[in-house]
Amino acid sequence: MASNALSRLANLHRHFHITKNSTKGGSGNENQNVGTIKISQDVTTALANGKAVVALESTIISHGMPYPQNLETAKEVEAIVREKGAVPATIAILEGIPCIGLSGEELERLAKLGTSARKISRRDIAHVVATRGSGGTTVSTTMIFASMVGISIFVTGGIGGVHKHGESTMDISSDLTELGRTPITVVSAGVKSILDIPRTLEYLETQGVSVVAYGTDDFPAFFSEKSGCKAPCQLDTPEECARLIEVNRKLDLKSGILIAIPIPKEHSVSGNIIESAIQTALREASDKGITGSAETPYLLSRVNELTGGASLESSIHL
């Protein structure tokens with residue numbers, strides 16, 4: 001009890017420290033707000049009172065699906081979090097200000113920006129803030145900002161990983177290295193099936209990340225319940241997951257946890273259909289020279305086209 005109270009006090013102190021500069025202009029000093037973090041009132045109150053807060057990324061809004069489906073999905077996800085008794089904290093950078101918890105107007109602004117917004121990974125944070133840009137936060141960036149303000153749980157659809165042929169291209173998502181150095185628990189439907197899942201699991205092991213499959217020993221593959229890869233460990237109840245998270249915190253391991261929950265059977269897409277679409281999309285991306293941060297959005301969009309919208313429907317349910 002005393003430890004939890006001290007933790008809440010530390011979080012509250014951190015909030016005041018981070019947000020001590022006003023997010024409004026008027027001083028004439030153009031650098032006044034650089035580095036300021038804006039935390040919504042409901043998130044601040046929840047953290048200060050020790051209530052549950054769930055971080056949500058925003059590239060699913062800016063790059064994951066088209067408008068208005070992206071806005072509708074974002075609002076629905078936030079509503080589900082609230083129904084379960086927690087406070088949602090969607091994270092993004094808007095006009096150079098990292099925002100922890102978005103208003104309805106801010107969600108709509110980002111949704112309408114779509115792919116014209118930046119896709120922000122760790123390497124991009126300083127540049128986007130310094131140039132007063134706007135964009136959606138990837139898994140890695142969302143983890144960073146959530147950790148800064150004391151949010152310990154982050155929910156997303158699927159994380160990034162080692163790309164196909166990553167052994168030659170070295171195209172490895174910063175999500176994996178961030179999980180190795182930021183003590184956040186990421187709950188997802190596993191790793192996107194457009195990626196090399198066996199190598200991704202190997203890389204997570206190298207980073208010292210605790211990887212859990214929930215209710216199964218087969219690591220889930222985003223659109224599909226199974227990847228064919230055995231999960232490092234299996235937990236079957238929320239209480240077991242909570243115990244793991246608490247032990248990781250108490251031991252101060254300084255690394256994250258990935259809890260992978262399979263997509264419900266009724267919303268999964270046939271593994272054969274997805275795999276065929278992925279292979280076609282990969283060939284096309286290679287032919288067009290699409291690489292780096294542009295590759296995942298392209299592949300997801302193309303797979304959706306090739307599956308007649310089935311993969312997008314699965315993403316929405318995820």
Practice problem: Starting from segment 63-91, take each residue that is part of a helix (DSSP H, G or I) and list its partners that are of a type in the set (Asp, Glu), counting only C-beta distances under 6 angstrom and pairs at least six apart or across chains. | Solution: 71/108
Quiz item: Out of curiosity, is residue 101 surrounded by fewer than 20 Cβ atoms within 10 Å (Cβ to Cβ), modelled with pLDDT of 95 or more and either farther than 14 Å from residue 139 by Cα or touching a Lys or Arg at 6+ places or on another chain (Cβ under 7 Å) (or both)?
Solution: no
Practice problem: Give segment 129-145 a look and list any residue that's surrounded by fewer than 20 Cβ atoms within 10 Å (Cβ to Cβ) and not β-branched (Val, Ile, Thr), or say none. | Solution: 130, 132, 133
Quiz prompt | Positions within segment 230-261 being among the hydroxyl-bearing types (Ser, Thr, Tyr) and in contact (Cβ under 8 Å) with a residue 24 or more places away in the chain, in sequence order | solution = 255
Quiz item: From the list 152, 193, 227, which residue is of a type outside the set (D, E, K, R), open to solvent by 10 Å² or more (accessible area, probe 1.4 Å), touching a Phe, Trp or Tyr at 6+ places or on another chain (Cβ under 7 Å) and touching a residue at least 60 places away in the same chain (Cβ under 8 Å)?
Solution: 193
Exercise. Residue by residue through segment 279-290, note down the ones that are within 21 Å of residue 121 (Cβ to Cβ) and either among the small types (Gly, Ala, Ser) or touching a Ser or Thr at 6+ places or on another chain (Cβ under 7 Å) (or both).
Key: 285, 289
Quiz item: Could we say that residue 44 is β-branched (Val, Ile, Thr), touching a His at 6+ places or on another chain (Cβ under 8 Å), surrounded by fewer than 24 Cβ atoms within 10 Å (Cβ to Cβ) and modelled with pLDDT under 95 here?
Solution: no
Exercise. Mind listing whichever residues of segment 96-152 are under 21 Å from residue 45 (Cβ atoms) and either of a type in the set (Asp, Glu) or part of a helix (DSSP H, G or I) (or both)?
Key: 104, 105, 106, 107, 142, 145, 146, 147, 148, 149
Quiz item: Out of (1) open to solvent by 20 Å² or more (accessible area, probe 1.4 Å); (2) under 17 Å from residue 139 (Cβ atoms), what's the single condition that is false for residue 74?
Solution: (1)
Quiz prompt | Flag for residue 108 being in contact with a Leu (Cβ under 8 Å, 6 or more places away or on another chain), open to solvent by 40 Å² or more (accessible area, probe 1.4 Å), of a type in the set (Asp, Glu) and modelled with pLDDT of 95 or more | solution = yes
Practice problem: Run residue 81 past the list (1) surrounded by fewer than 13 Cβ atoms within 10 Å (Cβ to Cβ); (2) at pLDDT 85 or above and report the number of the one that doesn't hold. | Solution: (1)
Self-check item: Only listed residue being under 21 Å from residue 154 (Cα atoms) and either open to solvent by 60 Å² or more (accessible area, probe 1.4 Å) or in contact with an Asp or Glu (Cβ under 6 Å, 6 or more places away or on another chain) (or both), chosen from 239, 266
Solution: 239
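Looking at residue 299, is it under 26 Å from residue 165 (Cβ atoms), outside any strand (DSSP E or B) and open to solvent by less than 40 Å² (accessible area, probe 1.4 Å)?
For residue 299, the condition - under 26 Å from residue 165 (Cβ atoms), outside any strand (DSSP E or B) and open to solvent by less than 40 Å² (accessible area, probe 1.4 Å) - is met.
The values are calculated or read from the model by the stated rules, or taken from the named source; none is laboratory data. Model, not experiment: these values are computed from the prediction. Here Cβ is always computed from backbone atoms with ideal geometry, including for glycine, and neighbour counts include all displayed protein chains. Just the protein is used for accessible areas: all its heavy atoms, side chains included, with ligands, DNA and RNA removed. Shrake-Rupley method; radii C 1.70, N 1.55, O 1.52, S 1.80 Å.
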